[in-house]
Amino acid sequence: MCILFIALKQHPKYPVIICANRDEFHKRPTQSLHYWPNEKILAGKDLQAGGTWLGITQSQHFSALTNFRQPHLIDNSKRSRGDLVVQALSTENIKANQNNISAHLNLNSHQYNGFNLIYGSLEKLHCFDSVNRTTHLMEDGVFSLCNGALTDSWPKMTLGEQKLATLIENNQQDLTHNSLMKLMTNKEQAADNHLPQTGLPLDREKLLSSIFIQSPEYGTRSTIILTKDNNGEVTITEAQYTPSGETESCNTHSLVSLIEN
């Protein structure tokens, strides 16, 4: 998972809005959103390492992962970060209080390459930053999370936050998943002088500077739009894309129907 935009208590009908793109190499085998009966979570699956980048439980506990972009510090012997989402959504950890989960992450994060992990109930989300060893409670507002710190302001983070805030302001009566999906397929790239400096070559930084990334080898593989309305119903749309950036599939379901089926 490489970028998320989250709006908490900003829309009169949808107190929780989450928009997430997963960027990955196209050759990496992946399974789309489905129910994992043993773990009791709804999530996609990385078939290479066995973990996931985003998941939710029937009790509406949520977790999502982004990797820190630190190419010079990657250690391939470390554990797969996709395990962290599965752990955060385990029944044992959900029953534990959030302070215990944060302490566990602080104690064990050195076993993984750098990451951000969002976790908690949809009403009370936290974000753990393994590089800076900090945990933030995500309060009411519009947030973005990418491949750096929650407090970073990369151009595509700022762009997405502004567009999401505008969508909310202009669609007070309702807000469609289709309009949110359009936000997540924005291919606008940042100017060279505004690119973050993460240790990648300039052309690579440029490619990765758009909300939706498209190239033959690497790009946006899928989008998840998740909303929770005032009645407590969670609705999820998942879109999957071809290497050329075309929509391969797009389906919308309630959380209940996805788990029951």
Out of all the residues in segment 35-63, which are in contact (Cβ under 8 Å) with a residue 24 or more places away in the chain, closer than 21 Å to Ser254 by Cβ and not hydrophobic (A, V, I, L, M, F, W, C)? Tyr35, Glu39, Lys40, Gly44, Thr52, Gly55, Thr57, Gln58, Ser59, Gln60, His61, Ser63
Considering each residue of segment 142-172, count those that are under 15 Å from the mean Cα position of the chain (by Cα) and within 19 Å of Asn113 (Cα to Cα), and give that number. 6
State whether the residues of segment 34-43 include one that is basic (Lys, Arg) and either surrounded by 24 or more Cβ atoms within 10 Å (Cβ to Cβ) or within 26 Å of Met157 (Cα to Cα) (or both). no
Single condition Leu150 does not satisfy, out of (1) aliphatic (A, V, I, L, M); (2) surrounded by 18 or more Cβ atoms within 10 Å (Cβ to Cβ); (3) within 22 Å of Thr235 (Cβ to Cβ); (4) touching an Asp or Glu at 6+ places or on another chain (Cβ under 9 Å): (3)
Residues being free of Cβ contacts under 8 Å to residues at least 40 places away in the same chain, of a type outside the set (Phe, Trp, Tyr), touching an Asp or Glu at 6+ places or on another chain (Cβ under 7 Å) and farther than 23 Å from Leu8 by Cα - total across segment 219-261: 2
Considering only segment 220-236, state which residues are surrounded by fewer than 23 Cβ atoms within 10 Å (Cβ to Cβ) and among the small types (Gly, Ala, Ser). Gly232
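Would it be correct to say that Thr252 is closer than 19 Å to Ile56 by Cα, assigned to a strand (DSSP E or B), of a type in the set (Ser, Thr, Tyr) and within 16 Å of the chain's Cα centre (by Cα)?
Working: closer than 19 Å to Ile56 by Cα: yes; assigned to a strand (DSSP E or B): yes; of a type in the set (Ser, Thr, Tyr): yes; within 16 Å of the chain's Cα centre (by Cα): no.
When the stated conditions are applied, Thr252 does not pass them.
Yes/no matrix, rows are residues, columns are (1) in contact with a Lys or Arg (Cβ under 9 Å, 6 or more places away or on another chain); (2) over 28 Å from Pro196 (Cα atoms); (3) not hydrophobic (A, V, I, L, M, F, W, C):
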| site | (1), (2), (3) |
| --- | --- |
| Gly44 | yes, yes, yes |
| Gly50 | no, yes, yes |
| Ile56 | no, yes, no |
| Phe62 | no, yes, no |
| Asn67 | yes, no, yes |
| Ser80 | no, no, yes |
| Ile94 | no, yes, no |
| Ile101 | no, yes, no |
Within segment 138-166, which residues are within 27 Å of Thr176 (Cα to Cα), without any contact (Cβ under 8 Å) to a residue 60 or more places away in the chain and not β-branched (Val, Ile, Thr)? Leu150, Ser153, Trp154, Pro155, Leu159, Gln162, Lys163
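Tally up the residues in segment 23-44 that are in a strand (DSSP E or B) and farther than 24 Å from Glu233 by Cα, please. If you could, list the steps in order and put the result at the bottom.
Looking only at segment 23-44, we keep the residues that are in a strand (DSSP E or B), and these are 23-25, 30-36, 41-44.
Checking which are farther than 24 Å from Glu233 by Cα leaves us with 23-25, 30-31.
Here the count works out to 5.
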Segment 49-80, residues that are surrounded by fewer than 24 Cβ atoms within 10 Å (Cβ to Cβ), under 17 Å from Ala149 (Cβ atoms) and polar (S, T, N, Q): Asn67, Gln70
Taking segment 92-135 and keeping only residues that are in a strand (DSSP E or B) and surrounded by fewer than 17 Cβ atoms within 10 Å (Cβ to Cβ), one is left with Ser121, Lys124, Thr134
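Quick note: the coordinates plus some simple rules give every number you see, no bench work behind them. This structure is a prediction, so every number in the text was calculated from the model and none was measured. Counting neighbours? That spans all protein chains shown, and the Cβs are built from the backbone with ideal geometry, glycine included.
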